[in-house]
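Below you'll find the structure, written out as structure tokens, and then a few comments.
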Amino acid sequence: MGGGDDRRLPLIPLPDIVHFPRTELRLHVLEPRYQLLLHEVEELDEGSRQVGVVLLKPGLPRDTQGRPEILPGGTVARVMDLEDLPDGHTNVILHGEFRFELEREIAGGPYREAVVKPVQEPWLNERDAGIVAVRTAILELLQSLSVELKEGFPLSAGEIEEIEHSAFEELVNRIAAELDVPPLRKFQLLVESLPERGLSMLSILRSRQQVVDLLRPFRRLAFGSRLN
């Protein structure tokens with residue numbers, strides 16, 4: 001264990017998923033070593049049932065131990081529900097709690113472990129004019145894109161309604177988790193501070209809306225041609 005707030009955590013490395021705090025992640029686990037990890041964590045007291053969810057580096061380069069390399073940050077997640085299936089696989093629900101920076105990996109165990117340093121988000125005044133403006137703009141863009149793209153947009157009208165009154169961190173992180181951007185871009189969002197992440201999400205949604213606005217006349221023409 002390192003000094004200060006550093007802590008030792010078992011790691012779940014994923015090839016294409018970035019887990020964000022204040023969001024739920026459902027995984028279907030096939031590998032026996034990660035099933036072992038989860039069952040061992042489940043046996044701990046409730047306050048200790050934590051794992052670190054990390055993203056594998058694109059291209060899967062290998063470290064000196066021969067393991068796929070991981071990116072240097074992730075999310076501490078609490079194991080909420082574990083279900084063993086008849087086919088020998090395991091379903092798990094994880095709840096993201098906070099971000100961390102990777103200090104160093106620990107070799108020699110049956111699964112990957114690391115010493116990590118927790119990263120706390122800065123305190124935000126939800127009534128601050130800047131936060132209110134970003135929240136309002138994000139929600140307006142979400143609603144507009146949901147109407148325009150329908151099933152082509154990853155958040156439905158019902159899901160948008162569900163999160164519109166949530167705390168700013170949950171709002172931003174839910175959108176970041178659901179939006180269809182590449183995993184490496186999601187990792188870049190994860191390592192940003194919450195205010196930066198909120199502005200990045202606003203920028204991404206504005207770019208999507210600009211593309212939709214540019215393509216709208218052509219979409220109407222295509223729809224009209226099907227009626228002729």
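The values are calculated or read from the model by the stated rules, or taken from the named source; none is laboratory data. On a predicted model such as this, the values are computed, not experimentally measured, just so you know. Using ideal geometry, Cβ is built from the backbone for each residue, glycine included, and neighbour counts are taken over all protein chains shown. Remember, those area values only see protein heavy atoms, side chains included, never the ligands or the DNA or RNA. Shrake-Rupley method; radii C 1.70, N 1.55, O 1.52, S 1.80 Å.
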Amide H neighbours of Arg112 under 5 Å, counting only residues 5+ apart in sequence or on other chains, H built in-plane at 1.01 Å? Leu11
What accessible area per residue, rounded to a whole number of Å², is obtained for region 66-183 using a probe radius of 1.4 Å? 49
Using alpha-carbon pairs under 8 Å, 6+ residues apart, how would you state the relative contact order of the chain in percent? 21
Calculated from the structure, mean projected area of the Cα convex hull in nm² equals which of [x] 16.3; [y] 14.2; [z] 12.5? [x]
Under 23 Å between alpha carbons, and skipping anything fewer than 8 positions from Lys117 in its own chain: which lysines qualify? Lys57, Lys186
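Ignoring ligands, DNA and RNA, what percent of the 1.4 Å accessible area of region 84-228 is carbon and sulfur? Intermediate values should be presented prior to the final figure.
Working: 4470 of 8080 Å².
The value for region 84-228 is 55 percent carbon and sulfur by accessible area.
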In whole percent, what relative contact order does region 108-225 give with Cα contacts below 8 Å and a gap of six or more residues? 28
Quick check on packing: order 147-153, 183-189 by the mean number of other C-beta atoms within 10 Å, highest mean leading. 183-189, 147-153
GNM of the chain, Cα pairs under 10 angstrom: of Thr90, Thr23, Thr64, the biggest fluctuation goes to Thr64
Convert each backbone phi in region 7-24 into a coupling constant with the Karplus relation 6.51 cos²θ - 1.76 cosθ + 1.60 (shift: θ = phi - 60°), then list the ³J(HN,Hα) values in order as whole Hz, x for Gly and Pro. 9, 9, 9, x, 10, 10, x, 10, x, 8, 10, 10, 8, 10, x, 6, 10, 9
Ranking request for peptides 96-109, 69-82: highest mean number of other beta-carbon atoms within 10 Å first, then the rest in descending order. 69-82, 96-109
Can you grab the distance from the C-alpha centre of region 64-107 to the C-alpha centre of region 114-132, Å, no decimals? 23
Relative contact order for region 15-92: what is it in percent, counting Cα pairs under 8 Å that are at least 6 residues apart? 38
Using a Förster distance of 35 Å, the FRET efficiency for Leu149-Ile93 (Cβ separation, nearest 0.05): 0.80
Just Pro58, Pro217, Pro32 to compare: in a GNM of the chain, with alpha carbon springs under 10 Å, which one fluctuates most? Pro217
With Cα atoms, 0 to 90° folded angle of helix 194-227 axis to the chain main axis: 50
